[in-house]
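Everything below concerns the one structure shown next.
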Amino acid sequence: MTDSPAMSRWRVAGLVFVFLWFALGGVAHFVATEAEMRIVPPRAAVLVSGVFELLGAAGLLWQPTRRAAGIGLFLLTLAVTPAHFYMLQRPELFPSVPYWALVVRLPVQVALLALIAQNTELTWSLIALALKILSRFLNLFVRLIDLINIKSSGVKIYWKLAIVSAFNVLRGLTTHIEK
C-alpha cells in the first residue's frame, strides 16, 4: 500500500518535527551543559545523551537507518522520563522554566513517542523489544548507580527510585504488549 500525497506530507512533517526536536535537543546538551547537569548530574551522561540525540536525528534522514533511529529515539525518550518527573517535583531548581511548561512536558513526551513510532514505522513487536532492552539497561544502571559520583545523596536516592520505578513500568508494558 502506498501513501497518499497528503499522508506523505504528514509523514514528512512528523519526521521533520522529530528530527528538529532531537537535533536541537542534542546541540543543547553541548551548548548548555551546565543547565542540563541540573537535570542529570554526571557531565558524561549529559554529553553521551546529547550524542545519542544527534545520532538518532541523523539516522532519521536516511531511509535504511530510519527504523533503527526510531527504536533508539523511542528508547531514549522513555529513558529520560524520570528526568521530567524530577523537574516536576523540584521546580525550584529550574526557576527559568515556568511550572506549566514542566506539566506540559509529559503529554508532549507521549505525543513525541507516538510521532516517533508512526513516522519510523515501529510495530508493536519492535516497541516491545525496545522496552525489553530499555528495562534490562535500567536494571543494570540501577546496579551501577552507586558507583556514579553524585554530590547530593538525596539526588542519588531519587534517581535510583525513579529508575527502579521506570523499570517496573517498562516490565509491565512489555508484558501487556506481548499478550
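Here, each number is a calculation from the coordinates, and none is a lab measurement. Quick caveat, the model's predicted, so the values are computed rather than measured.
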How are the alpha carbon pair distances in region 59-126 distributed across 10 Å bins from zero to the largest one, expressed in percent?
20, 41, 24, 14, 1
Expressed to one decimal in nm², the mean projection of the alpha carbon convex hull of region 22-79 is 3.6 nm²
Give me the distance between the Cα centres of region 77-118 and region 17-37, rounded to whole Å.
14 Å
